[in-house]
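Read the structure below first, then the notes.
The values are calculated or read from the model by the stated rules, or taken from the named source; none is laboratory data. Here the structure is a predicted model, which is why all the values come from computation and not from measurement. We place every Cβ from the backbone using ideal geometry, glycine too, and count neighbours over all the protein chains shown. Side chains are part of the model used for accessible areas, which takes the heavy atoms of the whole protein and leaves out ligands, DNA and RNA. Shrake-Rupley method; radii C 1.70, N 1.55, O 1.52, S 1.80 Å.
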Amino acid sequence: MLFYLSQGRCLYAGLFFIRVGFALLGTGYIHPDEYFQNGEAIAGRQLGLHTSLTWEWDSVFPCRSIVPVWMSTGLPFSILRQLLQGQLLSPRSVFVAERLSFLLSSLLLARLQALILLASSYVVLTYQVRPFSNSLEAIQVALSLVLLRQLFVLEKAPRQSQRARFFLSLLALTAVWALFTRVTFAAFFFPVALEVLKWCLRQSRFSLRSLAHLLSLPLLLTLAASLGFIYADSVYFHGSALPPSTELTPLNFLRYNLLPSNLAEHGLHPRWLHLVVNLPMIATPGLLYYVLRAEFDIFTSRSGEKDKAKPGVSQMMQRNVNNGRILRARKPFLIFWIVANTLLAILFGFFHQGGVVPSLFRVHGIVYDEISGLSAHDYRIVYWKTYMPPRHLLAIRREDVDSGRVSVQDVSGASSGSLVATLLASAPSSKPLSTLVVAPFHAVSELDKQMQECISERQRVFPHLDLDHIGESMEVGWRDGLSLGIFDVDVPCLREAVQLQEQWLAEPAQRS
């Protein structure tokens, strides 16, 4: 028994070190939300960096609370600012600061059962160590379940009302924190809330006075915490200690997402896609199969009164986590689990849009001199056909952008013609102007041959996998297809190439 316990601890320790590697070295880019719902929203005020805020942070109608962002990323940024006072911030240090915060928070999941299964999941190795609001929500759901379990333990112990009120208060604070993080937490918390209500009724023995005594402190804390979040958001978005109006961001989020026209702007997906594609990809088909079988057992179970007496949530957790079928499956399940999670961890941890973040680090090194921190050139940086570049990881000082010394543009999936028009529409500069384009090699190959001669490769970032353009990537070969390029643009040459092309197109018309 001790041998297996020691073996399990060593395996978990090894998996944790792998998690550290994915957190600090994994520059794969899963989804823009991992940066734009967190670090991008706070880095401007905390670190004085140039940022680009999305619609969720519009002060006219804010849909995200700043408090969870400050707690998870703003605090590490404040520590970083104090440690590097007066020094030029490097994008790598900003990247590590926000990743470390979520890496440490992922340890809170160690209170759950089935640690080896959890720690070896690619979701924990990649998603959970990224600054997603979903990552915070996962921690908050786990904390809610742990606190609920503590209440069930206290139910069997006499005269524990003070401790019960303590755990109820912690649960109330967790719920408020979570609802202001993601309003979707309400769906996960609903069964927990029902179990807490049933527990309170049993403890009070249906006495209104006892129930009021039990719930008075948690309810007061819920009210106080909610008012605190509302005030903090109102101050942040209105920029005044006496804001002219209050902002209830969870309600704003609901109001925004209940309008189909708003959702259409961000792209609508069929509901079956989540069930058929997203759920199996997150859980992996093997684990999903056993979870569904465990859920089926709940509805078909004919066990005795002992099972019936168990609370529904705890019963579901016990059946899902400790299901005997997974243990009996052994080798087939383990092989499938290891292969699936290894491939998905590498895909999302390093390859998927994996050149975007390292390119930001490299562009920062081009723009700023290592010794003086200044450059003799002004720079224009254009990202093309990549995920949205999180500006805070470029670590460009806000004053350098405001003064016009550096400009950053994202033309996303624009056509080659639109890119060229953007590059030619350069503003006048008092210093020599250098123009950089960061784009996949397959995208640059789409340009006219004469225009390609005006664009020269400066650096190459590997790996970079664009799953939306697999065919185009394969056409240029595996090396270029799996790389993101940082290109120097000769703007006068490009302007001349465009003029020659326009003349060539105009000649047939003149002859006719």
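Expressed as cubic angstrom per residue, what is the convex hull volume of the alpha carbon set of segment 341-446?
Dividing the Cα hull volume of segment 341-446 by its residue count gives 116 Å³.
Counting only heavy atoms of the protein chains, get the accessible area per residue of segment 1-127 (1.4 Å probe) and round it to a whole Å² value.
On a per-residue basis, 45 Å².
Percent of Cα-Cα pairs more than 20 Å apart in segment 49-119, please.
Values: 1220 of 2485 pairs.
So the portion of pairs separated by more than 20 Å is 49 percent.
Roughly how many nanometres apart are two label points built 7 Å out from the Cα toward the Cβ at residue 212 and residue 403?
Distance between the two pseudo-spin positions: 6.6 nm.
Report, to the nearest whole %, how much of the accessible area of segment 39-157 belongs to carbon and sulfur atoms, 1.4 Å probe, protein only.
The computed percentage sits at 64.
Contour minus end-to-end for residue 61 and residue 75, with contour as 0.36 nm per residue of separation and end-to-end as the Cα-Cα distance?
2.5 nm
Return one whole number: the accessible area per residue of segment 143-187 in Å², for a 1.4 Å probe.
On a per-residue basis, 49 Å².
Give me the 1.4 Å probe accessible area per residue for segment 352-509, excluding ligands and nucleic acids, in Å².
I get 47 Å² per residue for this part.
Within 13 Å, Cβ to Cβ, of residue 473, how many net charges do the neighbouring residues add up to if Lys/Arg are +1 and Asp/Glu are -1?
Counting the neighbours of residue 473, the net charge comes to -4.
Sorting check: for 50-57, 201-208, which peptide has the highest mean count of neighbouring beta carbons within 10 Å, and how do the rest follow?
Going by the mean number of other Cβ atoms within 10 Å, highest first, we get 50-57, 201-208.
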